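The values are calculated or read from the model by the stated rules, or taken from the named source; none is laboratory data. Please read all numbers here as calculations on a predicted model, not as lab measurements. As a convention, Cβ positions derive from the backbone with ideal geometry for all residues, glycine included, and neighbour counts pool all protein chains shown. Remember, those area values only see protein heavy atoms, side chains included, never the ligands or the DNA or RNA. Shrake-Rupley method; radii C 1.70, N 1.55, O 1.52, S 1.80 Å.
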Amino acid sequence: MRMTKLFFQTLREAPADADVRSHQLMVRAGLVRQVGAGIFEYLPLGLRVKKKIETIMREEMDAIDGQEIVMPVVQPASLWKRTGRWYEIGDDLARLTDRAGRELVLAMTHEEVITELAGGVISSYRQLPVMLYQIQTKFRDEPRPRGGLIRVREFTMKDGYSFHPDISSLDEYYPLVYQAYFNIFGRAGLDVIAVESDTGMMGGTMAHEFMALTEVGEDTLLLCDACGYKANRQVATFVKADVDDQSEEEPLPLEEVSTPGVDTIAALARFLEIPESRTAKALFLVATVEEEGEEREQFVFVVVRGDMELNETKLTNALKARQLRPAQPEEIRAIGAEPGYGSPVGIRRDDVVLVVDDLIPGSTNLVAGANREGWHLWNVNCDRDFRPDIIVDVVAAADGHPCPICQAPLRSVRGVEVGNIFKLGTKYSEAMDATFLDEDGGSVPMVMGCYGIGSGRLIASAIETNFDDNGIIWPITIAPHQLYLVSLATRRTPEVTEAAEQVYCQLHEAGVEVLYDDRDERAGVKFNDADLLGIPIRLTVGARGVKNGVAELKLRNGDEVRELPLDDIVNQIQLIVDSETEAVLARVITEPLQ
RNA sequence: CGGGGAGUAGCGCAGCUCGGUAGCGCGCUUCGUUCGGGACGAAGAGGUCGGAGGUUCAAAUCCUCUCUCCCCGACCA
């Protein structure tokens, strides 16, 4: 591609609304532009990257017997009503009405359509298992898009769905996808780790997230450097007994203490000169739960130790709640508690579910609120002073907590979820009546798995982990072009133009992806754009070199400059392309899933 | 949805406090000189100052409403 023909623009300064580095670099390099909040357009160079990534996805999906299809973005609401998600999902699901008044949705994922499709085509166990995937636009009306391409509303996703005759078939297939995902990210030059994750609104029995470790990530992960334990904070556990154990103490009598204006745990610990671990934190929430097909709100009183944070995902799962929201002060007072001074001692229990973290029973003589403004209670003890309805782990693992496997301290890091895989089970096949006849002639719902990767996120994450002050540093496998050819010709050096043109044609014909900077620009401009665009191999043809029959080679990921003979340029470059490619592929992780 | 910030030329910004009819840098066009890490000179093009109302002789500037974008939080298959 000749730069003089290329539709692109590089910017010296990043747009003011780009905050994260990948976003800034992508706009500055002319890969993408932002159209609206969480809505982007891809320019030619950006699209080349996207296509390369998607080619890798296709190859890896095809390698595990995936078959590509395309499903619609705009779908009838009736499908979503059948699975109930029309009602369950809130404003994230974009809804619209057509001219005839029919309700439609913009697909945020494709379980409904694919399940109906599979149900319609598959009628016998002989047709199973099967894996279908697509690379398609999704729309999610996110409350707050952010981070450039990290969190957007419209995005492209590779989503795959597998259908199985039984769970063991899914269990056999799932690890293949797990490895295929490592292959995809590895081939794209992106380091990821896989962590167990919450199944969330997808339902299902097992799920993994593939995380790119970067500061701009929205998820927190807990890793154990000693034994390799790793999990999303949403599900991470830790050994609580080792965190400030107090189980040996004798329970002491309750005692009121005046604590005027002390309405946070931190203030309480400071005021009474005790560690936060000697306090009990009361949290008031309202859960939406389903009972006999009816949704209702349930007041939930949660007690965790003062030095712990509530993990809402764990709580949601423990309650099997649809939703959780903080309780209003009036609702808190209605059960006889006081915001800022809450404790489970002496509250009205009729309509309250009391959830107690499993660390509380072993923690004696805690300081808790007195349900009276300005007062706390010394020596609150579980069971003696209050009876929990549920005792369960509901606190978040944090940096330094003991690993649940080996007790070494956990390390917390930020990550971007670039892909995920789920064992869905039969949630959707039952709802959509996607059944088949098994060997015994029985009608059985198919067992499903689903597997997603966001293209844009993958690109943004690749940049977040590969850049320097001058710009992007692409892995050669996903770079928009493999080689950036700089011509330093001027009007007085036609021989340089001629040499550069010749090199361009030769490389192009040999199949090397060349971005040829034939612009009438100064050397500095070209070199800076080459760096900003991050093309892995830079080849410079200038008067000095042409005189000696050489061109200059520099790799974007290094500083070394060396000369290559012009008369052997194609071979030389192909060797470099190959070795750069191999260097990326050498890092693909093989990680069997237990 | 709560809190904070910002909308002035393609990009980055000044001007607003104290109203007087819009400016700087980069980029862009033309000509000349230059030519190995973002050149120099000269001459240009380009803006309903996010939008709508209002106050005023006069509004980028003051008032009201509204839209949009960014950040923190809530949320996040």
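You will find that of A:Ile535, A:Ile459, A:Ile453, the residue that is in contact with a Lys or Arg (Cβ under 9 Å, 6 or more places away or on another chain) and assigned by TED's automatic domain parsing to the domain that holds A:Leu564 is A:Ile535 and no other.
Sort out which residues of region A:511-543 are open to solvent by less than 50 Å² (accessible area, probe 1.4 Å), charged (D, E, K, R) and within 12 Å of RNA strand B (Cβ to nearest atom), and write them in order of number.
Those that are open to solvent by less than 50 Å² (accessible area, probe 1.4 Å), charged (D, E, K, R) and within 12 Å of RNA strand B (Cβ to nearest atom): A:Asp517, A:Arg519, A:Lys526, A:Asp529, A:Asp531, A:Arg538.
Could you please let me know if A:Glu338 is charged (D, E, K, R) and out of contact with any strand residue (DSSP E or B) (no Cβ under 9 Å at 6 or more places or on another chain)? Judged against the criteria, A:Glu338 is not a match.
Can you spot a residue in region A:476-489 that is surrounded by 17 or more Cβ atoms within 10 Å (Cβ to Cβ), in a loop (DSSP other than H, G, I, E, B) and within 12 Å of RNA strand B (Cβ to nearest atom)?
Among the residues of region A:476-489, at least one is surrounded by 17 or more Cβ atoms within 10 Å (Cβ to Cβ), in a loop (DSSP other than H, G, I, E, B) and within 12 Å of RNA strand B (Cβ to nearest atom), which makes the answer yes.
Assigned to a loop (DSSP other than H, G, I, E, B) and either out of contact with any Ser or Thr (no Cβ under 9 Å at 6 or more places or on another chain) or buried (at least 20 other Cβ atoms within 10 Å of the Cβ) (or both), is that true of A:Glu209? It is false that A:Glu209 is assigned to a loop (DSSP other than H, G, I, E, B) and either out of contact with any Ser or Thr (no Cβ under 9 Å at 6 or more places or on another chain) or buried (at least 20 other Cβ atoms within 10 Å of the Cβ) (or both). Residue check: A:Asp159 meets all listed conditions (1) in a strand (DSSP E or B); (2) open to solvent by 30 Å² or more (accessible area, probe 1.4 Å) but one, namely (2). For the residues A:Asp383, A:Asp350, the requirement of being of a type outside the set (A, V, I, L, M, F, W, C), free of Cβ contacts under 8 Å to residues at least 24 places away in the same chain, open to solvent by 70 Å² or more (accessible area, probe 1.4 Å) and within 21 Å of A:Val243 (Cβ to Cβ) singles out A:Asp383. Close contacts from region A:511-540, counting a first residue that is touching a residue at least 40 places away in the same chain (Cβ under 8 Å) and assigned to a loop (DSSP other than H, G, I, E, B) and a second that is more than 9 Å from RNA strand B (Cβ to nearest atom) and among the charged types (D, E, K, R), with Cβ to Cβ under 7 Å and a gap of 6+ residues or different chains, come to A:Asp518/A:Arg2; A:Gly534/A:Arg556; A:Ile535/A:Arg556; A:Pro536/A:Arg556; A:Pro536/A:Glu580. Of the residues A:Leu223, A:Leu190, which is over 20 Å from A:Glu59 (Cα atoms), in contact with a strand residue (DSSP E or B) (Cβ under 9 Å, 6 or more places away or on another chain) and open to solvent by less than 40 Å² (accessible area, probe 1.4 Å)? So the residue among A:Leu223, A:Leu190 that is over 20 Å from A:Glu59 (Cα atoms), in contact with a strand residue (DSSP E or B) (Cβ under 9 Å, 6 or more places away or on another chain) and open to solvent by less than 40 Å² (accessible area, probe 1.4 Å) is A:Leu223.
Being of a type in the set (Asp, Glu), without any contact (Cβ under 8 Å) to a residue 60 or more places away in the chain and in contact with a Lys or Arg (Cβ under 9 Å, 6 or more places away or on another chain) is the filter here, so list the residues in region A:38-75 that pass it. Within region A:38-75, A:Glu41, A:Glu59 meet the criteria.
Checked against the criterion of being in contact with a helix residue (DSSP H, G or I) (Cβ under 8 Å, 6 or more places away or on another chain), more than 16 Å from RNA strand B (Cβ to nearest atom) and modelled with pLDDT of 95 or more, the candidates A:Val113, A:Val130, A:Val105 yield just one match: A:Val130. Filtering region A:417-426 for residues that are out of contact with any Phe, Trp or Tyr (no Cβ under 9 Å at 6 or more places or on another chain), open to solvent by 20 Å² or more (accessible area, probe 1.4 Å) and not assigned by TED's automatic domain parsing to the domain that holds A:Val447 leaves an empty set.
Is there a residue being within 16 Å of RNA strand B (Cβ to nearest atom), over 22 Å from A:Ile122 (Cα atoms) and either outside the structural domain of A:Phe40 (by TED's automatic domain parsing) or within 16 Å of the chain's Cα centre (by Cα) (or both) anywhere in region A:158-172? Within region A:158-172 (the criterion being within 16 Å of RNA strand B (Cβ to nearest atom), over 22 Å from A:Ile122 (Cα atoms) and either outside the structural domain of A:Phe40 (by TED's automatic domain parsing) or within 16 Å of the chain's Cα centre (by Cα) (or both)), the answer is yes, since at least one residue qualifies.
Working carefully through the options A:Arg153, A:Arg144, find the one that is within 13 Å of RNA strand B (Cβ to nearest atom), of a type in the set (Lys, Arg), in the same structural domain as A:Ser455 (by TED's automatic domain parsing) and at pLDDT below 95.
On inspection, the qualifying residue turns out to be A:Arg144.
Does region A:499-510 include one or more residues that are in a helix (DSSP H, G or I), within 12 Å of RNA strand B (Cβ to nearest atom) and farther than 25 Å from A:Arg414 by Cβ? Yes, region A:499-510 has at least one match. Which of (1) more than 10 Å from RNA strand B (Cβ to nearest atom); (2) among the small types (Gly, Ala, Ser); (3) not in a strand (DSSP E or B) does A:Ala194 not meet, given it meets every other one? If we test A:Ala194 against (1) more than 10 Å from RNA strand B (Cβ to nearest atom); (2) among the small types (Gly, Ala, Ser); (3) not in a strand (DSSP E or B), just (3) comes out false. In this structure, A:Asp225 does satisfy being assigned to a loop (DSSP other than H, G, I, E, B), more than 30 Å from A:Gly336 (Cβ to Cβ) and not polar (S, T, N, Q). When A:Asp568 is tested against the conditions (1) in contact (Cβ under 8 Å) with a residue 40 or more places away in the chain; (2) open to solvent by 40 Å² or more (accessible area, probe 1.4 Å); (3) away from RNA strand B (no atom under 15 Å from the Cβ), the lone failure is (1). In region A:5-24, the qualifying residues are those that are of a type in the set (D, E, K, R) and within 29 Å of the chain's Cα centre (by Cα), and the one that is farthest from RNA strand B (Cβ to nearest atom) is A:Arg21. Being under 35 Å from the mean Cα position of the chain (by Cα) and under 13 Å from A:Ser277 (Cα atoms), is that true of even one residue in region A:358-379? Within region A:358-379 (the criterion being under 35 Å from the mean Cα position of the chain (by Cα) and under 13 Å from A:Ser277 (Cα atoms)), the answer is yes, since at least one residue qualifies. Somewhere in region A:20-37, is a residue at pLDDT below 95, farther than 18 Å from A:Asn528 by Cα and open to solvent by less than 20 Å² (accessible area, probe 1.4 Å)? No, every residue in region A:20-37 fails to be at pLDDT below 95, farther than 18 Å from A:Asn528 by Cα and open to solvent by less than 20 Å² (accessible area, probe 1.4 Å).
Entry remark, region A:92-137: residues being among the aromatic types (Phe, Trp, Tyr) and part of a helix (DSSP H, G or I) number 1 in total. Summed over region A:293-314, the residues that are open to solvent by less than 90 Å² (accessible area, probe 1.4 Å) and assigned to a loop (DSSP other than H, G, I, E, B) give a count of 5. Among the candidates A:Val546, A:Val577, the residue that is buried (at least 19 other Cβ atoms within 10 Å of the Cβ), within 26 Å of A:Val192 (Cβ to Cβ) and out of contact with any Leu (no Cβ under 7 Å at 6 or more places or on another chain) is uniquely A:Val577.
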